[in-house]
Amino acid sequence: MTFDLITILTLVGLCAFALGILLNLRWMIMQVRRLTTPLLALVAAWFLMFIAKVSFVDWRVRATTEEIGGVSTLDGSAFHQVLCAGSAAALICMLLVWMRESPRALQRPVVLLLLAYGTVAMISTTYSPAPPLTAFKASLVLIDAALVAAALTLLRGRKAAMTLLDCSYFVAYLFSVGALLGAILAPDVAFYSQYGALSEKRLQGLLPAMHPNEIGALGAVAAIVGFVRAFGSQRGSTRRSYWAAQFVVGSIVVFLAQARTSLIGLVIGAALSAVSIPRLRRYVGISIAGMAMAALVSAVHSGSVDWHKGPVEVVTAYLQRGEEISNLSDVEDFHGRLDDWRGGARMIADSPVVGHGYDAGVREIGPSYGISAPHMHNAHLQVLVNTGVAGYLPWLALVLLTSWLTFVPIVMPSAHMTEERRIEAVETAAVMIAVLVTTMTFSELAAHTQTFMLMLGILIYQQVVRRESAPRTMRHAIGARRYAPASMPRSALLGDRHDEPAGGLP
């Protein structure tokens, strides 16, 4: 094994993960043991939907399509996706039946927005160029709607809602570790050997196998959460080693994947955290300086630039990822993305109301419009091409609602907000920034993906917090059953538990 910079960083990340787990193993076991049976079923369904899209093989295999009667169907491991989604749907149905709240749960505004988006997507199956693909992808959104309905009905307190959100953070952390593990086990597969400043390599992972931008986005989320929780608390914590390890792993994954959008989201999220939490300010400069130094050393080590050109040119070469820019027009065209966006605009003009088929139009008929990529590299354009204005309006309302509920506690904090709640608000806002940044150059948020599930987790958390902080008189005016249905045992009313875990899953 050649111990170059990539190998050293990978080993540092894996060692940090192992050390963080060993030092906090008892705490992790206690967190799982404290979960009630209904919450455990909800977390299991959430986990299954989170991993339904991933592929645990070479991502280039995932990029191919199966052919049935000449029509493209599911991408990647269809059996894995159907098994995960079907098992999650069964768990959700059991929860809704057990709670006896199915009709009421599906009437919540956020659930109706998801149902509207999923219904438009399902209707587009009738004119989609790949009906099986569209039908399956649309069904995932409808399952997400049922999952959100079950979560909002079952979760009765802020800490219980954070448990569900922590499940997403934990999976993002595990995926980041899996990417680093793949870099050791099978580097030929785990690295994307094109457009990379680090010896012409970009980390894409193996367990699971993802695009560098996808694994970079998850690494950024893991790094933000680890950063805030490890260094943001004013009190001493025995779990700081765990969160510090998560920050190290996430940062290394973003760095090795060279996901520029995720790096921007990570920097902005860290800056927001530092402004809102004074204790973090001393660590932001150290972290940015460390990543800049790693970029400097790696770019020089890979030979992409000459040391004598100075640090600015070296960092610029890292951000360019080794892409050859021959003239100014290449920069102005964003390496062909403007041409793709122009083609997407023509597709929207041809079918502005209903689009061209959910998650299939760009893949199947995009080349006829001059689109070279399988997606639009912009979530807003992707949704408009997929489902037109009919699907874009509920999708945009969902994104705006989540953003509003997330950033209001930061801009207009309540006088009664506790220190713990304030740190959680800063953390979710920083993660939401990382999610929103990806919408500008990536299409992950347009369909059921890990990024989409992260946004839904933040939305559920904010809705539960908003409901919990409502005046008690308002709760009685709306009706006691809505907040404490008599059909549910008291042990399931998670907001009333005094022994509830403080941070949910690790």
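For an R0 of 22 angstrom, estimate the FRET efficiency from the Cβ-Cβ distance between Leu396 and Arg466 and round to the nearest 0.05. Calculated value: 0.60. The heavy atoms of His211 offer some 40 square angstrom of accessible surface to a 1.4 angstrom probe. For Tyr192, the amide hydrogen comes within under 5 Å of the amide hydrogens of Arg202, Leu203, Gln204, counting only partners 5 or more places away or on other chains and with H modelled in the peptide plane.
Summing charges over neighbours of Ala138, with a neighbour being any other residue whose Cβ is under 11 Å away from its Cβ, gives -1 when K and R count +1 and D and E count -1.
Straightening the chain between Leu112 and Ser368 buys 88.7 nm, computed as 0.36 nm per residue apart minus the Cα-Cα spacing. Treating r as the C-beta distance of Asp188 and Trp98 and R0 as 51 Å, the FRET efficiency rounds to 0.60. Computed 3J(HN,Hα) for the stretch 132-140, one whole-Hz value per residue from the Karplus formula 6.51 cos²θ - 1.76 cosθ + 1.60 where θ = phi - 60°, is x, 5, 5, 4, 5, 5, 5, 5, 5, glycine and proline marked x.
Measuring only protein heavy atoms, the 1.4 Å probe finds Met122 accessible over about 70 Å². With the simple spin-label model, which puts each label point 7 Å out from Cα in the Cβ direction, the Val411 to Leu11 separation comes to 4.9 nm.
Contour minus end-to-end for Val353 and Arg33, with contour as 0.36 nm per residue of separation and end-to-end as the Cα-Cα distance?
Working: separation 320, 0.36 × 320 = 115.20 nm, distance 4.93 nm.
Using 0.36 nm per residue and subtracting the Cα-Cα distance, I get 110.3 nm.
The stretch between Arg342 and Glu419 holds 23.0 nm of extra length on full extension. This uses 0.36 nm per residue minus the Cα-Cα distance. Largest accessible area first, the residues Ile371, Ile8, Ile433 order themselves as Ile8, Ile433, Ile371 under a 1.4 Å probe with ligands, DNA and RNA left out. Rounded to the nearest 10 square angstrom, Phe175 shows an accessible area of 10 square angstrom against a 1.4 Å probe.
The values are calculated or read from the model by the stated rules, or taken from the named source; none is laboratory data. Everything numeric here is computed off the predicted structure, so don't read it as measured data. In this analysis, Cβ positions are derived from the backbone assuming ideal geometry, glycine residues included, and neighbour counts consider all displayed protein chains. For accessibility, only protein heavy atoms count, side chains too; no ligands or nucleic acids. Shrake-Rupley method; radii C 1.70, N 1.55, O 1.52, S 1.80 Å.
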